[in-house]
Amino acid sequence: MSILLNNSPILILALPLLAAFLIPLIGRINKKTVGIFSALVLAISLVFTILLAVKVITVGPQIYVFGAKSSGLTLPSGLNVPIRIMFQVDAMGIFMGLITATVSFLGAIYSLAFIKKTEGMDNFYSLLLLLTVGMFGMEFTGDLFNFFVFLEIASIASVALIAYRGIDFGEPAEAGFKYMVVSSISALVVLFAIGILYGEYDLLNIAALANVIKYSQLDKIALALLLPVLAMKSGAVPMHMWTPDAYSEAPAPITMILVAASQASLYALFRIVFSLYNVNSNTLAAGWIIIIFGVLSMFIGVTMAIVQKDIKRLMAYHAVSQTGYMLLGVGVGLAVLSNPVALKEYGITSLEGGIFHIMNHAMYKGLLFLTAGALFFRTGTRNLNKMGGLAHSMKYTTIFFIIGAAAIAGLPPFNGFASKLLIYESVYKFNPLLSIIAMVVSILTLASFVKVFHSAFLGPKLPQFNDVQEVPQSMILSMAILSCVIIFFGLFPDLIVKNLVHPAVMALVEQVKYTGTVLGGM
Amino acid sequence: MFGLLETGSGSWSAIIWVITVLVIGVLVIYVRNKGEDSYKKNTEQDKPFISGNPEASKESSHLSASHIYWGFTEALKGYYKPLVEMHTGSINDYSCWIITVTVIVLIVIGVS
Amino acid sequence: MKEMSKIVKTVANFVYGFILIYGFYIIVHGHLTPGGGFQGGAVTASAFALILVSYGSVNSKKFLKKDIFSLFESFGLTLFILLAFSGLGITFFYNFLANYGSWFGDAAVIGVNPGNMNTGGLIPLMNMAVGLEVLSALGVIVLIMAKGAEFTRKKENS
Amino acid sequence: MIDNLPYIAVAFFVAFGIYTLMFKKNLIKIAIGVCLIENGVNLFLITLGYRKGAVAPIYTMAPSGQNMVLPTPQALTLTSIVIGIATTALILSVAMMIYKHYGTLDTDEVRRLRG
């Protein structure tokens, strides 16, 4: 047992990876079992993530070195360099890992009923597992190049999943093409920046790099290359155009996982600015860049959402808008990072709001995309103009939609309110105007979800939807779990903030905690 | 029990909020029940009054999505027209935006 | 794709075996010389592409089967990840075979060496797994793209 | 000057790649643009590890007493090439799917998703 627990950082990844490679073999014998098999593997992975989270929160950051007993390699000259590939799981990494594990597990359960076509189904589950592996890797890795590899694994898997229906329809292929091009541009720019950092310091390990980084001209260039492309991968305006395309055309469970994948890029952005550069860089400039991305994303995302007619496209624009909240909260925290007084007064709170919002967003946006998928599953359309009166025949879906919509609009007592409150109050002390924009955006969010609710669920029962029924049980199960999580987070936000979010924020803010675990153990 | 979430300038507890809402709701229902009770089910009180015009069929009364917030988008036409046109859907523009923003960030970070 | 002329086919027949052997050589010597699983696999897959181009997609269906390729692909991948799992007693990817005396277990000479095949522990085995994976995966890609090209040609002609 | 030649080549690769991505209207050409940037970045990584007059870092039958170039960037480049193959294969297959449904590869017409 202890050997499993000691190896848990890698088992979280390696088991889905093994399953992803086994599934084509299993699929040759029996096609029906692959879905249950992958859900099972992801459940095991979720259990390991929870165990690892308990360990990280209580004991401290965990280091896992590949293929050797220690992370360093002592050269004959006596120089000790952290050359090995390693996983470094701290509170922030495991926070994101929990999101990934939950979301991908629920996505697999939802897919059991949602993916009906038997041809190519084993490939679907393989890719879903590979996408999960890529996200976990991005969140756990302590090595820049390894991060690039996992970024590419995640984006290749997600493109294949977005274009999954491209055999029958043109639009998914188009969305996949666009996403592939932008994500390979971003990955190559990331690789270029990694090359710059490597050429300067001969190091790839994030902690070791953070220890020696000087913020020279080259480091500035590396930061300026990493910042916009990682913001792009997380869907920040004005580079958000791939988001509605990809989110609306992917199958619904995949869209939910894609939201988490974009948040993994967001995590990488935070990791770069906090753990790698921290106060060495000009945090005010970097912070304001992130704040401007955030404000633009919030406002343009929500105003574009109001005029949409496609339900998943509308929700995708909301995903852009909600990403803005996270960027705003964390950007304010970053802008005051080198000012200890302001950091203590409102910076930490603002960071807590931004980080907490990541988890909340993954939950309620996942739920909303799943309800949109349920509507598509039964009605066969995503066009809001053609829907109506579905509350008569899909009662559970209606309830779940109301919960998700209330949470995204920031209505108490759901979880969206808790994190938005943290953001409003702390950002108000930094700059009142930003806080007011955030509140206006919240109102517009509510307005546009009222539109969806009215046009899809309310109204008389339409004749063309007479034989519409409630969705199958596996879909209801995953939506119900997400709703329970949302209500729990909404009722007890202090528990989550105290036990999960605050350690994550401190892991980001205190650079020494990150570098010390690697360099101290050498 | 009532875990307070510190927000820096105050605190928030969803449990207290829920209890308050329940208490107020009970009060409202109590006050409402004390009022005049002349409503009778299944009489002509149930029917909508449209100045004597015949009632339209229920199916035709559904308001579809593009009619909602028509006034809002019409009033903000000057804002929406360029914004919607910005989303051309052409992959060339997507890469243009990425390159442009990267260059701007390069300049800002390089100067600061 | 259409069949090509007799000259091309004869030359392809002649070269095919050499390309395969060269690819396998690169795979097996992955731990000693430049190359390894991916490069060798790509070379091997180019032999399949040669057959496909020279014989045309209809004729080459007899000996290039997508089904078998995809079977080998997942087999190679599974083998690789199982080899990585086998070191789990210490850490993932731990090279427990190296310097152990048995399979690929001879101690490697530090510095300039004559290139003993029997070194490297798990690494040559992993190279072989990756080579198997890559040659079959690229084979599948080539076959599927040939199938797609067939379709677009039909569409253009009609 | 002559030492910096690889870096100038990198700049050309990346610049042509970006030009192709921004102004070329054919999906296949856009795939080529991505490949160009990728090759530029790979060349950049390889050049970082190069030392003048050094030999390849292979100990099998190596000439003794000579400097060797840094092997790590070469390992990175190999990985990046492998990933690049996957990316290119995926872009091209998706482009084929688009052609199947849209009957064109023009980016001005491949934009049913917009607004």
If you check A:LEU434 against the conditions, is it surrounded by fewer than 22 Cβ atoms within 10 Å (Cβ to Cβ) and either at pLDDT below 90 or within 19 Å of B:LEU4 (Cα to Cα) (or both)?
no
Aliphatic (A, V, I, L, M), out of contact with any His (no Cβ under 6 Å at 6 or more places or on another chain) and either more than 7 Å from every other protein chain (Cβ to nearest Cβ) or not in a helix (DSSP H, G or I) (or both): does that describe B:ILE99?
no
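Conditions tested, residue by residue: (1) within 14 Å of chain D (Cβ to nearest Cβ); (2) loosely packed, with under 10 Cβ neighbours inside 10 Å; (3) out of contact with any Cys (no Cβ under 6 Å at 6 or more places or on another chain); (4) at pLDDT 90 or above.
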| position | (1), (2), (3), (4) |
| --- | --- |
| B:GLY10 | no, no, yes, no |
| B:GLU36 | no, yes, yes, no |
| B:PRO48 | no, yes, yes, no |
| B:SER51 | no, yes, yes, no |
| B:SER64 | no, no, yes, no |
| B:LYS77 | no, yes, yes, yes |
| B:ASP93 | yes, no, yes, yes |
Quick one: which helices (runs of 4 or more DSSP H) lie wholly within region A:405-522 and hold at least 2 residues that are more than 12 Å from chain B (Cβ to nearest Cβ)?
A:432-452, A:473-491, A:502-509, A:511-519
Taking region A:139-153 as the region of interest, how many residues are crowded, with 24+ Cβ neighbours inside 10 Å, more than 10 Å from every other protein chain (Cβ to nearest Cβ) and either under 16 Å from D:VAL82 (Cβ atoms) or β-branched (Val, Ile, Thr) (or both)?
1
Is it true that C:LYS6 is free of Cβ contacts under 8 Å to residues at least 12 places away in the same chain and more than 9 Å from every other protein chain (Cβ to nearest Cβ)?
yes
Test for A:GLY199: is it more than 26 Å from A:GLY97 (Cβ to Cβ) and either in a helix (DSSP H, G or I) or within 10 Å of another protein chain (Cβ to nearest Cβ) (or both)
yes
I'm told A:GLU345 meets every condition in (1) surrounded by fewer than 24 Cβ atoms within 10 Å (Cβ to Cβ); (2) closer than 21 Å to A:GLY93 by Cα; (3) charged (D, E, K, R) except one. Can you identify the failing condition by its number?
(2)
The residue that is farthest from the chain's Cα centre (by Cα), considering only those in region A:245-257 that are over 14 Å from A:HIS318 (Cα atoms) and assigned to a helix (DSSP H, G or I), is A:GLU249
Residue among C:LEU88, C:LEU132 that is crowded, with 18+ Cβ neighbours inside 10 Å, of a type in the set (A, V, I, L, M) and in contact (Cβ under 8 Å) with a residue 12 or more places away in the chain:
C:LEU132
Does A:VAL471 meet the test of being at pLDDT below 90, touching a Phe, Trp or Tyr at 6+ places or on another chain (Cβ under 8 Å) and within 30 Å of A:ALA108 (Cα to Cα)?
yes
Quick one: is B:GLU44 more than 14 Å from chain A (Cβ to nearest Cβ) and at pLDDT 75 or above?
no
Residues of region D:38-71 being of a type in the set (Phe, Trp, Tyr) and closer than 22 Å to C:THR33 by Cβ, which ones?
D:TYR50, D:TYR59
Output the number of the condition that A:VAL212 fails; it satisfies all remaining conditions of (1) under 27 Å from D:THR72 (Cβ atoms); (2) hydrophobic (A, V, I, L, M, F, W, C); (3) touching a residue at least 12 places away in the same chain (Cβ under 8 Å).
(3)
Exactly one of A:ALA260, A:ALA268, A:ALA286, A:ALA264 is assigned to a helix (DSSP H, G or I), of a type in the set (Gly, Ala, Ser) and within 12 Å of chain B (Cβ to nearest Cβ), and that residue is A:ALA286
Return the pairs, sorted by first residue and then second, in which the second residue is of a type in the set (D, E, K, R) and part of a helix (DSSP H, G or I), the first residue lies in region C:62-76 and is within 11 Å of chain A (Cβ to nearest Cβ), the beta carbons are less than 6 Å apart, and the residues are 6+ apart or on different chains.
C:GLU73/C:GLU133; C:GLY76/C:GLU133
Scanning region C:94-119 for residues that are more than 10 Å from chain D (Cβ to nearest Cβ) and not in a loop (DSSP other than H, G, I, E, B), which turns out nearest to D:ILE58 (Cα to Cα)?
C:THR119
Filter region A:156-177 down to residues that are part of a helix (DSSP H, G or I) and more than 8 Å from chain D (Cβ to nearest Cβ) and give me whichever is farthest from A:ASN278 (Cα to Cα).
A:ARG165
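The values are calculated or read from the model by the stated rules, or taken from the named source; none is laboratory data. None of the values given here were measured: they were computed from a predicted structure. Positions of Cβ are backbone-derived with ideal geometry, glycine not excepted, and every protein chain shown enters the neighbour counts.
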